[in-house]
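The values are calculated or read from the model by the stated rules, or taken from the named source; none is laboratory data. In this text, all values refer to a predicted model and were calculated from it rather than measured experimentally. We place every Cβ from the backbone using ideal geometry, glycine too, and count neighbours over all the protein chains shown. With ligands, DNA and RNA removed, areas are computed over all heavy atoms of the protein, side chains included. Shrake-Rupley method; radii C 1.70, N 1.55, O 1.52, S 1.80 Å.
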Amino acid sequence: MIFKLTAFLGSFLLFFLEILAPQTLLPIFGGSHSVFITSLVFFTGMLFLSNLSLHILARRVALKNLLVGLLLASICAPLLLFFEFEMTGTPTYFNVLFYLVIKFGPLFFLLSLVSPLIQVILGHLKTHNDANIYEIYSYSNIGSFIGLFSGPLLIDYFLNTNEKLYLLCALFILTLLLMAKIAKGPWDRQSTPSESFQIDQVVDWLIFSSIPTLFMISSTNFLLISFGNIPLVWAFPLSILLLSFILAFRAENRLDNSKVLLLGAVLFILSEVGSVLLPGLKAYFEFLNHLTILFVISSIALNRLYLTKPKQENLTLFYSVITLGGFLGALALGIGVPLLFKDLSSNILEYFFSTIVLFIGILHHSIKPRAIAIILPSLFIGFYFLAHYTLKDPTNLKEYRSFYGLLKAKQNKDQIEFFHNNTIHGLEVKDEEVKRPYVYYFEESPIGEVFNALTEIKDVAVIGVGVGSVLFYSKKDQNWDLFELDPKVIKLARDQFSFIKQSEAKLNFVIEDGRQALLKSQKKYDLIIIDVFNGPQIPYHFLTKEAFELYQSHIKPDGVLAFHASNSVYNFVPLLSKTSQILGLSFYSNSFTPDKSEGPQKYYPNRWYFAGRNSALIKGLSQKAGALKTYNQVNKDLKIWRDDFFPLSSILF
């Protein structure tokens, strides 16, 4: 039982850390969804290094000595968790990897050794059999499954970041105590007959272990773009992959491929029927479809691994190869594809690449080894050109794939539209001599009404530029500071749209995270507009009490803070209202739903939130705008967010 408990606890901590680590890095890297995708490269790489180290050391060092060495090496690793780092330079995938390696690498490496080492030790007991070893593997995956969801669904609501790190350290010490108990023995080394295997079997493990990771990252990337960069969304694809592992490596009652395909077909049919009967939930049924694809393909690939698994003496080699396959898949999609396809914004590119590898896996046994050296490069070269040919949208005037997401300027009849990921952020009509704002900034919108009411403003700050639609309201004698984290957004706004060019105000562009830039500034503003989104989500570090205190320090006595809060997935207004109340700010929210019109859509439903220190001014704006009845209405049970406490799932509608 101690073996099962140790493997379970080690894996629980491993995957609890897998969610916690990128969560702590989000504010440093602007809330980009690339933080978690890059974290997957780090995690799979560390899993490979730990299993490879175990494979090498287990053949050269007595297992008891290896276990004692692991215990000694574990003493200092948790201390690195509490070191603070400041980012320098432009955020990149490699910056994220650097931070993860320095702060979380040693502990993650040690935790990733726990479960496979326990299985190796179990294999040297006289009473062991192979079924027991792979049963430990299943307990390990169950611990991983619980570790994934315990944070987003439970722990995040009660503990801040440091408290979660303390909990992690306490459970890590408990794991070490259990391992120390195992090290005392008694356990006997069992000699095992040598098992021969061919290199083709290793190639098989490598290919079929990469396929689940490829489709997991493909589905994760798609879901983050569509539903936002929050830990609960991170956990679902990982949990499906783990569920596939648990089912594939169970000794009894396993799901064979026919049952997997039948279950997948049933889920697809139910999802399609549900999307027809409940069109308002269509996005969530699409969410289910992506997870179903991941489950079916992962289960089939992992069933193949289970059927070709080795006996105990090659267990460490097996884990080394399948974790290498996972790492190569993560590296290809997490970093390789984004860097190689910077000019392609299609959000199915990752699926396209994954399908190529799946095709290779299906055919590789029927291809002669010598032919593989020619076929593999040909396939990937063909993939490069085919992707550009088939996934390149001819209506896209310009498109980019940056660290912060997918950007494109798209021609739609007489208008040019700007998209970040799947969300439209602005447009302009080509034939207008003076470009007017649409989408969320038109004159009848809540923000348009505020501009019409505030006639004496001189200094304006805008965090999140988009196409610059808000500059329609700028005037010659005004000073505008425009903060934008992604320089490619400014490039698209300048090259494809006219709002920046037609503005007569004094414009100052700051290419930096808006909150970090305000920390360095002493300037005060008549109006601060925050229109920052990563997919459908506002990056959490713009929503905390500390962020509001910063905004408050930069608003003039009669100044106004405007928050763009339009969303169909997350409800930001209760959190904004509660935080404003705590800080003594007056506030209100207002929304606008335009009538449907013929032709391309120009006006979109939008919701804005306004706050300020002058209660008479805010109340007057509220009454003039006919605002929603949210003035002074606050959810008393809602906890405000802090920089170290942000239960992201609490803002779901």
By accessible area with a 1.4 Å probe, ligands and nucleic acids excluded, highest first: order of Lys523, Lys413: Lys413, Lys523
Just subtract the alpha-carbon distance of Ala616 and Ile2 from 0.36 nm times their residue separation and send over the number in nm, one decimal. 214.4 nm
Extension gain, Phe98 back to Ile511 (0.36 nm per residue minus Cα-Cα distance, nm): 146.4 nm
To the nearest 20 Debye, how big is the dipole of region 196-277 about its Cα centre, given +1 on the beta carbon of each Lys and Arg and -1 on that of each Asp and Glu? 180
For region 459-512: rounded, prolate or oblate by the Cα gyration tensor [a/c cutoff 1.5]: oblate
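Of Glu512, Glu163, Glu84, which has the most accessible area and how do the rest follow, probe 1.4 Å?
Glu84, Glu163, Glu512
Using the C-alpha atoms of region 1-84, what convex hull volume per residue, in cubic angstrom, is computed?
Details: hull volume 9.2 nm³, N = 84.
Once divided by residue count, the hull of region 1-84 is 109 Å³.
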Rounded, prolate or oblate for region 444-597? Axes are the square roots of the Cα gyration tensor eigenvalues, ordered a ≥ b ≥ c, and the cut-off for rounded is a/c under 1.5. rounded
How big is the charge dipole of region 193-345 about its Cα centre, in debye rounded to the nearest 20, if each Lys and Arg gets +1 on its Cβ and each Asp and Glu gets -1 on its Cβ? 180
Rg and Dmax of region 202-254, using alpha carbons, in Å: what are they? 13.3, 38
Once a ≥ b ≥ c are taken as the square roots of the eigenvalues of the Cα gyration tensor of region 217-316, is the result rounded (a/c under 1.5), prolate (a/b larger than b/c) or oblate (a/b not larger than b/c)? oblate
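Counting other Cβ atoms within 10 Å, which GluC sites (Glu not before Pro) in region 236-301 have at most 16 and lie in a DSSP loop? Walk me through the intermediate numbers first.
On the way: sites: Glu252, Glu272, Glu286; in loops: Glu252.
Answer in residue order: Glu252.
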Furthest towards positive pole of dipole, Ser445, Trp480, His420, structure part region 400-492, Cβ charges: His420
Cα centroid separation - region 31-59 against region 539-594, whole Å: 39
Under 12 Å by backbone N from the virtual spin label 7 Å along Cα-to-Cβ at Leu177, the residues of region 1-41 are none
If I compute solvent accessible area with a 1.4 Å probe over the protein chains, what percent of it on region 447-490 is carbon and sulfur? 49
Any idea how far apart Glu444 and Asn162 come out in nm if each label point goes 7 Å out from Cα toward Cβ? 5.2
Accessible-area order (highest first, 1.4 angstrom probe) of the listed residues Tyr93, Tyr604, Tyr284: Tyr284, Tyr604, Tyr93
Karplus-derived HN-Hα couplings along region 206-218 (A = 6.51, B = -1.76, C = 1.60, θ = phi - 60°), whole Hz, x at Gly and Pro: 4, 5, 6, 7, 6, 4, x, 5, 4, 6, 5, 5, 4
For a quick check of understanding: with a 1.4 angstrom probe and all protein chains in place, what accessible area in square angstrom does Ser239 have, to the nearest ten? 10
